[in-house]
Amino acid sequence: MFAVIRTGGRQYRVVPDDVLEIGKIAGEVGTIVQLGEVLVLGGDTPVLGAPTVAGASVAAEVLQHKRGPKVIAFKKRRRKHSKRKRGYRDEITVLRVTEILADGKAPTIGPRPKKEKVVAPAVGEGDDETPKAAAAKAPVKKAAAKKAKDAD
C-alpha cells in the first residue's frame with residue numbers, strides 16, 4: 001500500500017519504512033507525527049481524494065532536524081559596478097514513515113527504541129602514572145638547560 005501526501009507545498013509518494021526529507025515541521029526527535037493531507041491511497045483499489053482522502057493520514061517518526069545544503073543567489077549587473085550575493089540553507093526534518101492509516105484510525109506503532117552505544121574501555125587505564133611522570137620530567141630538563149645558559 002502507498003500514499004501520496006502533501007506537506008510544505010510539495011507532494012511525496014510514500015510507503016511504510018520510507019525515509020524522506022521534508023520542510024521543517026514541529027515535533028521532537030523520536031516522536032510520532034501524523035501527516036493529514038493524503039491525496040491518494042493506493043493499493044488493490046486506489047482511492048483518489050477531492051482534494052484529500054477523508055479520514056486518511058500517514059504516521060511518521062521524526063528522526064532528525066537538520067539544515068540543507070547552502071544555496072547561493074548571486075546577481076550581477078554588467079558595466080554597472082553592481083553585484084549582490086545572498087545565501088541561505090533550508091531547515092529540514094527527516095522522517096521515517098511507520099504506517100499508512102485510513103478511516104480515522106490512530107497510529108499503532110510507537111517510536112522505535114534507540115540503539116545504545118557500546119562504550120569501549122580506554123586503552124591503558126592502569127598506565128595513568130606514566131604520562132604524569134613524563135610530564136613532570138620535561139620542565140626539569142628546561143630548567144637545567146636555562147641554568148647552563150646562565151653559567152656561560
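Brief remarks on what is shown
- Packing-based ranking of 35-45, 101-111 yields 35-45, 101-111, ordered from highest to lowest mean Cβ neighbour count within 10 Å.
- Electrostatic bookkeeping for ILE100 treats Lys and Arg as +1 and Asp and Glu as -1; over the other residues with beta carbon under 12 Å from its beta carbon, the sum is -2.
- Going from the residue with the fewest nearby Cβ atoms within 10 Å to the one with the most, THR93, THR31, THR52 rank THR31, THR52, THR93.
- GLU116, GLU91, GLU61 arranged by Cβ crowding within 10 Å, fewest neighbours leading: GLU116, GLU91, GLU61
- Evaluated with a Cβ-only charge set (Lys, Arg +1; Asp, Glu -1), the range 2-112 carries a dipole of roughly 2060 debye about its Cα centre, given to the nearest 20.
- Applying 0.36 nm per residue to the separation of GLU37 and ALA120 and subtracting their alpha-carbon distance, the gain on full extension is 25.3 nm.
- Order of ARG6, ARG78, ARG112 - criterion: other Cβ atoms within 10 Å of each residue's Cβ, fewest first: ARG78, ARG112, ARG6
- Note on ARG112 and ASP18: the extension gain reaches 32.4 nm, defined as 0.36 nm multiplied by sequence separation minus the Cα-Cα distance.
A short reminder: the numbers here are calculations on the coordinates, not readings from a lab. Computed from a predicted structure; not experimentally measured. Every residue, glycine as well, gets a Cβ built from its backbone with ideal geometry; the counts of neighbours run over all protein chains shown.
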